[in-house]
1. Using a 4.7 Å cut-off between beta carbons, which cysteines in the chain end up with no partner cysteine at all?
2. Accessible area per residue for the stretch 116-156 in Å², computed with a 1.4 Å probe and the full protein assembly in place, what is it?
3. Measuring from label point to label point, each 7 Å out along Cα→Cβ, what is the residue 257 to residue 206 span in nm?
4. With all protein chains present and a 1.4 Å probe, how do 25, 208 order by accessible area, largest first?
5. Given contacts defined as C-alpha pairs under 8 Å and at least six residues apart, what's the relative contact order of the stretch 1-151, whole-number percent?
6. Would you mind telling me the antiparallel percentage of the DSSP bridges in the chain, rounded to 5?
7. Rounded to a whole number, what % of the accessible area of the chain do carbon and sulfur atoms account for, probe 1.4 Å?
8. Using Cα pairs closer than 8 Å and at least 6 residues apart in sequence, work out the relative contact order for the stretch 20-89, in percent.
Amino acid sequence: MPSQIVDVLRKIRQKLNVVAMPAPSLMLQFDATTNQLKQALIKLGFSDVVEVALGADLTSINEAEEFLENVATGKQPLMTTSCCPAWVRAVSLHAPNLGTYVSSTGSPMKYTGDLVKQRYPDAITVFIGPCTAKRTEGISLENVDHVLTAEELLCIFQAAEIDPKTMLDEELGTTRIPSQEGSQYCQTQNVTQAVIVAVPKASERIKSKSQELGEDLKEIQPIFISPLDKRAFKQLRQWNDDISSVPGNLIEVMCCDGGCVGGSGNISAPQTSVARLKTILPKRPLFNDIEDIENL
Ligand code: SF4
């Protein structure tokens, strides 16, 4: 999938309304605070910066709702996550029985693109993330126009002589601050954790639609797979041949080791990213403290 650097820079130069959508993993790639990174993107020419962690909150609640309606009620035996496009493609090709249980919930990138276009109908949306699999996903999404990797962003910053860590450490203030749960999506196990946290809100939402879930609801029993290596694939194929042997009902799969912090388009070591994540989380609200997760 060819790089879209030139397309993005051309649109910035034309002074179009180009909005950057940095993935949770992207916020951890530079030796700079999240505020400084956003300021650097504005200096580069983006008109706004909307963190994809905001859209992740919608993934969490929608996936929790889907789990409650379909798996907790026993309509289907399990569900598997959909936010890693490499996994979605792999399971459809190599484990099609499991593939039928891929969540139909959109990824954080999808919901963030939708939110940005709602606010700025003329926006050119640019997701900046950890891998080229996300570029393939972006092409299929109506509200995502371009996808760059962290590596590509670093090249652009260097060419423009912008060093994020020299920028002002000041919030842009154009959106709410993303939740801790959404900000952690880039690390294995955290998508499931966010879905578990979202269950009470999802349950209220279902009730508000006058839908009844019934009694004896099954709780989430997670299974985590990261990386999707040869051994994990062998296991998944066995489960594919006998769905009743799966020892859980929510399979979270992230193809890269440790999750998106291990993505091939990143510029920082996963351990460095995880250490940076620990420093930003205390400054962010909890999912359940946010009243309006459906808006930026
Ligand atoms: S886990 Fe890896 S392949 Fe999957 S979305 Fe994240 S970086 Fe991309």
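The values are calculated or read from the model by the stated rules, or taken from the named source; none is laboratory data. As the structure is a prediction and not an experimental result, all values here were calculated from the model. Here the Cβ is made from the backbone with ideal geometry for all residues, glycine too, and neighbour counts use every protein chain on show. When the accessible area is computed, the model is the full protein with side chains, heavy atoms only, and any ligands, DNA or RNA have been set aside. Shrake-Rupley method; radii C 1.70, N 1.55, O 1.52, S 1.80 Å.
1. By the Cβ distance rule, which asks for a partner under 4.7 Å, the isolated cysteines are 83, 84, 131, 155, 255, 256.
2. Computed with neighbouring chains in place, this is 39 Å² per residue.
3. Here the modelled spin labels are 3.9 nm apart.
4. Values: 25 0, 208 90 Å².
These residues rank, largest area first, as 208, 25.
5. Numbers: 225 pairs, mean separation 46.2, N = 151.
Value for the stretch 1-151: 31 percent.
6. Numbers: 0 of 18 bridges.
Within the chain, antiparallel bridges account for around 0 percent of the total.
7. On the way: 6660 of 13340 Å².
With neighbouring chains kept in place, the figure for the chain is 50 percent.
8. Numbers: 35 pairs, mean separation 19.3, N = 70.
Answer for the stretch 20-89 is 28 percent.
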